[in-house]
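Down below is the structure, laid out as structure tokens.
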There are 2 protein chains.
Amino acid sequence: MENFVLHTPTKILFGRDQIANLRDEIPPQARVLITYGGGSIKRNGVLDQVHAALHGRHVFEFGGIEPNPHYETLMQAVEMVHNEKIDYLLAVGGGSVIDGTKFIAAAADYVGDPWHIMETVGSDVTRAIPMGVVLTLPATGSEMNMGAVITRSATGDKLHFMSPFVMPRFAVLDPQVTYTLPPRQIANGVVDAFVHIVEQYLTYPVDARVQDRFAEGLLQTLIEEGPRALQEPENYGVRANIMWCATMALNGLIGAGVPQDWSTHMLGHELTAMHGLDHAQTLAIVLPNVLQLKRDKKHTKLLQYAERVWNIHSGSDEQRIDAAIDATRAFFEQMGVKTRLSDYGLDGSTIPALLDKLQEHRMTALGEHGDITLEQSRQIYHAAR
Amino acid sequence: MENFVLHTPTKILFGRDQIANLRDEIPPQARVLITYGGGSIKRNGVLDQVHAALHGRHVFEFGGIEPNPHYETLMQAVEMVHNEKIDYLLAVGGGSVIDGTKFIAAAADYVGDPWHIMETVGSDVTRAIPMGVVLTLPATGSEMNMGAVITRSATGDKLHFMSPFVMPRFAVLDPQVTYTLPPRQIANGVVDAFVHIVEQYLTYPVDARVQDRFAEGLLQTLIEEGPRALQEPENYGVRANIMWCATMALNGLIGAGVPQDWSTHMLGHELTAMHGLDHAQTLAIVLPNVLQLKRDKKHTKLLQYAERVWNIHSGSDEQRIDAAIDATRAFFEQMGVKTRLSDYGLDGSTIPALLDKLQEHRMTALGEHGDITLEQSRQIYHAAR
């Protein structure tokens with residue numbers, strides 16, 4: 001096991017009707033800005049629950065944060081924070097709203113051009129407005145970590161930053177609020193969480209038995225509960241298990257002290273930025289081909305994954321690895337998330353342009369060994385057609 | 001899954017030579033009291049490492065905190081905190097030192113008779129001196145939770161309290177410092193952690209799949225690594241896995257949203273208080289008999305435990321449950337921790353006195369259903385002879 005530092009101070013309020021309890025988590029005199037996305041929280045009653053919990057407080061609203069939140073939109077919120085003297089942010093939504101709110105939190109207190117936060121990956125953020133979360137879509141894990149991904153629509157750049165100052169103070173996770181999500185969003189969330197886990201697990205062994213078993217337990221749970229979430233949208237237990245998996249998938253716990261391989265996310269980000277594919281769709285397209293290309297370097301962990309996660313016990317090493325990769329792809333397809341570029345009307349003709357973007361973003365040495373070069377990325381995109 | 005609140009803000013610094021980094025976790029101007037136990041940290045160099053990390057700071061020492069820390073001893077430290085205007089506590093040791101330091105932290109800022117903290121189980125603690133931890137013995141999980149067990153030697157009372165104000169701000173976990181532990185202490189630590197996990201897992205199902213799989217993963221890891229820790233005391237990987245298991249066993253994670261059964265600890269505490277047995281010895285004595293007596297109420301989870309933790313797949317339900325309980329007992333014995341009262345020279349003649357103490361401490365409705373009455377506790381002690 002490698003050395004690590006783990007610090008996850010976000011207070012989790014999990015379960016039925018927990019939104020009412022957020023009142024106790026925000027200082028009484030705070031000037032609170034509620035941030036949200038396209039307005040589904042108005043239709044499903046979540047925004048009403050939030051307002052009821054904050055009755056009598058100083059509350060403002062900023063809606064319209066889009067999927068893959070845009071820098072340009074978020075800067076409007078920063079202006080509102082300054083004008084209204086906001087001192088607490090409450091993100092009500094999924095990963096895009098939470099990520100966007102993290103950027104607002106950092107940018108509002110930042111000296112200089114806020115885009116510099118992205119260019120320095122958050123390293124010079126020294127403070128931020130405190131924020132809380134009401135999660136409506138289990139997927140990205142952003143509710144309990146310090147990362148965020150932001151897109152600049154003018155250039156198509158999709159970059160991430162990290163800072164402990166934007167770690168949410170609290171997060172409310174009520175599985176009931178996910179009942180009304182469209183199947184596509186639930187499926188995307190399950191695939192996103194699944195890939196987060198794989199990216200921290202499927203590298204090479206460092207004898208980190210707790211982290212491995214936690215990762216395997218989360219993957220098994222998603223495999224069991226993901227399809228049920230589509231079939232039984234109001235099954236509380238299923239939604240609760242998925243919601244908790246997604247948070248645990250990316251709060252630092254399973255990634256502590258182990259090598260990581262975020263190449264699937266990096267290659268996927270360029271597909272979203274250039275072609276507008278859903279984030280999870282890009283992951284489902286890229287991951288099986290990363291595993292195929294790197295099967296030798298990932299040999300030992302792929303065999304462990306085959307055995308412990310998929311119960312694949314027969315056949316040669318190579319056959320069991322193939323079966324595990326096939327099972328991964330089949331799981332994504334079972335969730336309704338297609339796994340080929342051609343499924344989305346893409347023929348691979350933009351691969352050179354995608355590689356240019358990877359180079360521009362300095363994504364030229366990806367993977368746990370830093371050996372996924374631009375040429376290997378080309379092979380991965382090519383195999384994904 | 002039941003509703004839960006989970007808040008574990010303790011920052012973990014895990015790995016080789018992390019003690020040096022505690023310098024950055026304590027405010028530069030703090031007046032720090034280092035608390036410790038019998039002095040092994042002087043012999044193995046840990047105290048020197050701590051002093052080196054705090055070179056140039058205001059540092060004081062309080063040694064002599066005993067196993068099952070005594071109220072009377074801790075009150076001497078409270079006096080020292082007042083006299084020396086201490087404003088940061090650094091516990092360097094195992095569970096007893098950490099628990100004792102939590103009590104010092106709360107008692108030093110407490111208005112009224114500090115024993116009242118124990119009688120009210122910490123409910124009226126409203127502040128405490130901040131504290132950090134350098135863990136030397138993986139076992140109790142106290143380094144990342146808000147609980148502590150204190151003994152009043154004058155009366156033999158062993159009580160616990162809990163307060164978020166005594167949650168350590170940080171904990172340094174360097175597996176290397178455990179190399180020199182006596183085998184008995186490592187064995188006790190593994191058994192203690194194992195029983196913590198079982199007490200949060202072996203109740204009845206609430207479809208909490210993540211918590212179940214995390215618990216099973218920790219149990220499997222202890223089963224694999226516990227005996228190796230005795231055979232290969234300087235195997236870093238083994239010590240690292242055990243250390244991380246013990247912390248994860250009782251930091252709230254696997255117990256979030258699930259029923260719990262702390263009867264083994266409660267019955268064990270009385271054995272330690274009356275007869276001076278090691279804490280883990282009492283757990284090894286009590287647990288198998290709790291599982292036997294409550295096998296009907298725990299039926300479903302016992303079968304899951306048999307299958308997933310012990311790979312027991314054949315035989316009738318009752319045979320598989322017997323095999324799982326037998327395997328649990330055999331594991332404790334394999335670790336060198338005996339599982340019968342008679343192994344410790346006890347014949348059961350003090351059972352009436354133990355029951356009197358349970359009654360005095362209001363431990364008359366234990367277990368996940370509150371149905372372990374004094375009569376059932378008598379049966380458990382009786383079966384453990």
Problem set entry | Simple spin-label estimate for A:R16 and B:S349 in nanometres, 7 Å along Cα-Cβ | 5.4 nm
Problem set entry | Where labels lie 7 Å past Cα in the beta-carbon direction, separation of A:Q319 and A:E2 in nm | 3.5 nm
For this session: Calculate for the protein assembly as shown the 222 nm mean residue ellipticity that helices alone would give, adding -39,500 (n - 2.57) per DSSP H run of length 4 or more and normalising by residue count, nearest 500 deg cm²/dmol.
Result: -14500 deg cm²/dmol
Seminar exercise, completed: With Cα coordinates, the longest principal axis of chain A makes an angle with the long axis of helix A:279-293, in degrees rounded to 10, of 30 degrees
For this session: Mind checking which of B:T221, B:A187, B:A256 is farthest towards the positive end of the range B:167-257's charge dipole, using Cβ charges of +1 (Lys, Arg) and -1 (Asp, Glu) about the Cα centre?
Result: B:A256
For this session: Just add up the charged neighbours of A:P9: K/R +1, D/E -1, any other residue whose Cβ is under 9 Å from the Cβ of A:P9.
Result: +3
Problem set entry | Using a Förster distance of 25 Å, the FRET efficiency for A:E234-A:K338 (Cβ separation, nearest 0.05) | 0.45
Exercise. How much net charge surrounds B:I26 when only the other residues with a Cβ under 13 Å from the Cβ of B:I26 are counted, with Lys and Arg +1 and Asp and Glu -1?
Worked result: +2
Problem set entry | Gain in span if fully extended, B:Q260 to B:K42, counting 0.36 nm per residue against the direct Cα distance | 74.6 nm
For this session: Give the accessible area for A:H160 in Å² (nearest 10); use a 1.4 Å probe, count only protein heavy atoms, and leave out ligands, DNA and RNA.
Result: 60 Å²
For this session: Give the long-range amide H neighbours of B:F62: residues separated by 5 or more places, or on another chain, with amide H under 5 Å away, using H modelled in the peptide plane at 1.01 Å from N.
Result: B:I34, B:T35, B:Y36
Seminar exercise, completed: Of the convex hull drawn through the C-alpha atoms of the protein assembly as shown, the volume per residue in Å³ is 163 Å³
For this session: State the residue of chain B whose Cβ is nearest the axis carrying B onto A, and the distance in whole angstrom.
Result: B:P9, 2
For this session: Only bridges with both residues in the range A:9-175 count here: give the DSSP antiparallel percent, nearest 5.
Result: 20 percent
For this session: Pop out the ³J(HN,Hα) list for the range B:360-376 in order, Karplus 6.51 cos²θ - 1.76 cosθ + 1.60 with θ = phi - 60°, rounded to Hz; leave Gly and Pro as x.
Result: 4, 8, 6, 9, 10, 8, 8, x, 5, 9, x, 10, 8, 7, 4, 5, 5
Exercise. On a 0 to 90 degree scale, rounded to 10, what angle separates helix A:209-231 from the longest Cα axis of chain A?
Worked result: 80 degrees
Problem set entry | Computed lengthening from A:T373 to A:H116, 0.36 nm per intervening residue step minus Cα-Cα distance | 89.9 nm
Seminar exercise, completed: Residue-ordered couplings for the range A:115-130, obtained by feeding phi - 60° into the Karplus form 6.51 cos²θ - 1.76 cosθ + 1.60 and rounding to whole Hz (Gly and Pro as x), are 4, 4, 4, 6, 5, 9, 6, x, 5, 9, 6, 10, 6, 7, 5, x
Problem set entry | Accessible-area ranking of B:H55, A:H82, largest first, probe 1.4 Å | B:H55, A:H82
For this session: Run down the aspartates and glutamates and flag those whose C-alpha is under 18 Å from the C-alpha of A:K294, throwing out any fewer than 8 positions away in its chain.
Result: A:E199, A:D261, A:D317, A:E318, A:D322, A:D326, A:E368, A:D371, A:E375
Exercise. Hey, rough spin-label estimate for A:H275 and B:A330, points 7 angstrom out along Cα→Cβ, what's it come to in nanometres?
Worked result: 5.5 nm
For this session: Every other copy gets compared here: list the nm distances from the A:N3 label point (7 Å along Cα to Cβ) to its counterparts, shortest first, one decimal.
Result: 4.3
For this session: With only Lys, Arg, Asp and Glu charged, each at its Cβ (+1 for the first two, -1 for the last two), find how big the charge dipole of chain B is about the Cα centre; round to the nearest 20 debye.
Result: 420 debye
Exercise. Which percent, to the nearest 5, of DSSP beta bridges fully inside the protein assembly as shown are antiparallel?
Worked result: 30 percent
For this session: Only Lys, Arg, Asp and Glu count, each charged at its Cβ (+1, +1, -1, -1), so figure out the dipole size of the protein assembly as shown about its Cα centre, rounded to 20 debye.
Result: 40 debye
For this session: Mind jotting down the distance between the C-alpha centroids of the range B:226-288 and the range B:17-74, whole Å?
Result: 24 Å
Problem set entry | Number of partner chain Cβ atoms within 10 Å, mean per residue of B:209-220 | 6
Exercise. How are the Cα pair distances of the range B:9-175 distributed, in percent, across 10 Å bins from 0?
Worked result: 11, 45, 35, 8, 0
For this session: Label the range A:181-382 by shape, choosing from rounded, prolate and oblate, from the square roots a ≥ b ≥ c of the eigenvalues of the Cα gyration tensor; if a/c is under 1.5 it is rounded, and otherwise prolate applies when a/b is larger than b/c, oblate when it is not.
Result: oblate
Exercise. Against the longest principal axis of chain A, how steep is helix A:95-108, in degrees 0 to 90 to the nearest 10, with axes from Cα atoms?
Worked result: 60 degrees
For this session: Express the relative contact order of the range A:31-131 as a whole percentage, based on alpha carbon pairs under 8 Å and six or more residues apart in sequence.
Result: 31 percent
Exercise. Rounded, prolate or oblate: which one fits chain B, using the alpha carbon gyration tensor with axes a ≥ b ≥ c (rounded when a/c is under 1.5, else prolate when a/b beats b/c, else oblate)?
Worked result: prolate
For this session: Using a 1.4 Å probe and counting only protein heavy atoms, arrange A:R385, B:R23 so the residue with the most accessible area comes first.
Result: A:R385, B:R23
Problem set entry | Under the Karplus curve 6.51 cos²θ - 1.76 cosθ + 1.60, θ = phi - 60°, whole-Hz ³J(HN,Hα) for the range A:9-24, x wherever Gly or Pro sits | x, 4, 7, 9, 10, 10, x, 4, 6, 6, 4, 4, 7, 5, 3, 6
Seminar exercise, completed: Rounded to the nearest 10 Å², the accessible area of A:Y381 using a 1.4 Å probe with every protein chain kept is 0 Å²
Problem set entry | Beta bridge orientation in chain A: antiparallel %, DSSP, nearest 5 | 25 percent
For this session: Post the alpha-carbon centroid distance, the range A:302-357 to the range B:290-353, in whole angstrom.
Result: 43 Å
Seminar exercise, completed: In debye to the nearest 20, the charge dipole size for the range A:9-175, taken about the Cα centre with +1 at each Lys and Arg Cβ and -1 at each Asp and Glu Cβ, equals 360 debye
For this session: Considering Cα pairs under 8 angstrom that are at least six residues apart, work out the relative contact order of chain A and quote it in whole percent.
Result: 15 percent
Exercise. Among the listed pairs B:K297/B:K357; B:K42/B:K158; B:K158/B:K357; A:K11/B:K11; A:K11/A:K102; B:K298/B:K357, which are separated by more than 18 Å between their Cα atoms?
Worked result: B:K297/B:K357; B:K42/B:K158; B:K298/B:K357
Seminar exercise, completed: One decimal, nm, nearest first: from A:D109 to the same residue in each other copy, label points 7 Å out along Cα→Cβ, the values are 2.2
For this session: Assign one of three labels to the range B:191-283, namely rounded, prolate or oblate, based on the Cα gyration tensor with a ≥ b ≥ c the square roots of its eigenvalues; rounded applies when a/c is under 1.5, prolate when it is not and a/b is larger than b/c, and oblate otherwise.
Result: oblate
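The values are calculated or read from the model by the stated rules, or taken from the named source; none is laboratory data. Here the structure is a predicted model, which means the values were calculated and not measured. Cβ atoms come from the backbone with ideal geometry, glycine included; neighbour counts cover every protein chain shown. Just the protein is used for accessible areas: all its heavy atoms, side chains included, with ligands, DNA and RNA removed. Shrake-Rupley method; radii C 1.70, N 1.55, O 1.52, S 1.80 Å.
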